[in-house]
1. Please verify whether the stretch 256-272 includes one or more residues that are at pLDDT below 90 and within 24 Å of residue 169 (Cα to Cα).
2. Going by the conditions given, is residue 225 over 21 Å from residue 191 (Cα atoms), out of contact with any strand residue (DSSP E or B) (no Cβ under 7 Å at 6 or more places or on another chain) and assigned to a helix (DSSP H, G or I)?
3. Please determine, by comparing only the residues of the stretch 60-77 that are of a type outside the set (D, E, K, R) and within 27 Å of the chain's Cα centre (by Cα), which one is farthest from residue 108 (Cα to Cα).
4. Please determine, by comparing only the residues of the stretch 228-255 that are farther than 14 Å from residue 280 by Cα and either touching a Pro at 6+ places or on another chain (Cβ under 7 Å) or assigned to a helix (DSSP H, G or I) (or both), which one is modelled with the lowest pLDDT.
5. Would it be correct to say that residue 134 is among the small types (Gly, Ala, Ser), over 25 Å from residue 36 (Cα atoms), in contact with a helix residue (DSSP H, G or I) (Cβ under 8 Å, 6 or more places away or on another chain) and part of a helix (DSSP H, G or I)?
6. Out of curiosity, is residue 304 over 25 Å from residue 93 (Cβ atoms), assigned to a helix (DSSP H, G or I) and among the β-branched types (Val, Ile, Thr)?
7. Which of the residues belonging to the stretch 166-225 are within 28 Å of residue 250 (Cα to Cα), of a type in the set (Asp, Glu) and buried (at least 16 other Cβ atoms within 10 Å of the Cβ)?
8. From (1) buried (at least 23 other Cβ atoms within 10 Å of the Cβ); (2) assigned to a helix (DSSP H, G or I); (3) within 19 Å of the chain's Cα centre (by Cα); (4) not aromatic (Phe, Trp, Tyr), pick out the condition that doesn't hold for residue 311.
Amino acid sequence: MNRTTLLFLIFFICCTLHVISGEQKNGKPEGDLSFQNKLKTINQAISVGDYSTALNLASEGLEAAEMERDQKKKCVLSLHLAELNNKIGRQNQAIENYLKIIDNDYIVSNNKRNLFCQMELGRAYLGLDNYNMALKYFLDAIDFSLEREVNQYDDELYLYVALIYYKLGDNQLFNSYIQSSIKRATEYKNYRVLISAKKMLVMQYLREKRYVEAREFVRDLHRLSIESRNLNNMTTARIALADYYVELNNLDSSLYNYEKALEYSLLAKDYINAANIYTRISHIFYLREEWDLAILNNNEALLIRLNSKSTLIASSYANLGINYMKKGEIDTAEVFLKKSLKEAIKNNNLKYIRQAYVKLIQLYILDNNSKSSISFIQLYENFIDSVNISSSKGVLTMQQKLNTNKTTIEKLNNYLLAEKKHLIVLYSVVFVLIVILVWRLFSKKIVKSFKF
């Protein structure tokens, strides 16, 4: 063996040992590196607002993991997919993703992952306005956190429970949970939750017409957002300030702050939030009766939501339908409202199904179209009856869960009764409309019969 051959062999052996030691050090064979690269690509797609690509990559990865029967990869990708679905408003898909893995050993054996799944399930049901199931998972998660001493997410969990009681109008329980959230968030120095909790207090003060306290908290929010040096927190603070000015009917100041919030949101590449802000800006123009500008901003929101495959597409279609209805373009309004209904039914989103039915009925009444209005009232009544049946079962479940919290159950039942009263009003309006039409036709016949 000559000297050149020997040197070549030594070099080859050193390279091989280096590769082997590298793999041992990283603990990631080639397959795992490929998996990590996929997760990195998914996160990169999310960071630039390309949710469609992120969804496709996560779905493809999940299918591969299921074929390989790799439980860890399956759980990790399911978590990514569920969190992404939750973010873009596809709550039903998120719930399906979480329920598939919540009993998996990879989740159950880790307290933080277990707690995260319960919290995200609660968030998904909250996004569907299913307060019964949302409360169940949030309260279960709080109990789990206290029992296992996880000390993570509890500030956020208290915030979500407070939000539900805010929506139900239970001020006592709202105040209890929001103060717990603020206390924990302050301890953890979690600016995101702290700012969100104080923004919710601003909403409560505005609802109670306590404008002085609301103003003080708005100033505090602005200070905290600057202190956090975070664009998302600055966006939240600006939205709170804009909401404050809307309540005072100062639309110019409100519009200015919404536009600043939009600027921060786009800089942070938080396009989902940007779509929500476009919707808020369109509402300001709606209040000003500037229909073209309202339509323009709702179209911007729609484009983002179509790109992200969000279930809020139904909301954007409905908003555009309402804008065109106010503008007097009945045919265009009908097209958008029917698109909203179709999209909401596709995603089984009860909130937007209801909204679409109500607005279509209003549209047909406005257009003196009694036949279509009666038809859609019947469809709406069938829809409400089906919701009442499923909600009643949920109320019983929550009554067992909460036990002494009768106020919450009463609020839920009152909501269902209000839906029925709404239907009675709509039937009355249509009945009056039909009577007027019949009277006009009858009057014309009488006049003709007296002509020689």
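1. No.
2. No; evaluated as a whole, the condition is false for this residue.
3. At the first step, the residues of the stretch 60-77 found to be of a type outside the set (D, E, K, R) are 61-62, 64-65, 67, 71, 75-77.
Now drop any that are not within 27 Å of the chain's Cα centre (by Cα), which leaves 61-62, 75-77.
Working: 61: 22, 62: 19, 75: 11, 76: 13, 77: 16 Å.
The extreme case among them is 61.
4. 228
5. Considered against the rule, which asks whether it is among the small types (Gly, Ala, Ser), over 25 Å from residue 36 (Cα atoms), in contact with a helix residue (DSSP H, G or I) (Cβ under 8 Å, 6 or more places away or on another chain) and part of a helix (DSSP H, G or I), residue 134 comes out as yes.
6. No; evaluated as a whole, the condition is false for this residue.
7. Residue satisfying the conditions is 220 alone.
8. Unmet condition: (2).
The values are calculated or read from the model by the stated rules, or taken from the named source; none is laboratory data. Please read all numbers here as calculations on a predicted model, not as lab measurements. Neighbour counts are summed over all protein chains in view; Cβ atoms, including those assigned to glycine, are modelled from backbone coordinates with ideal geometry.
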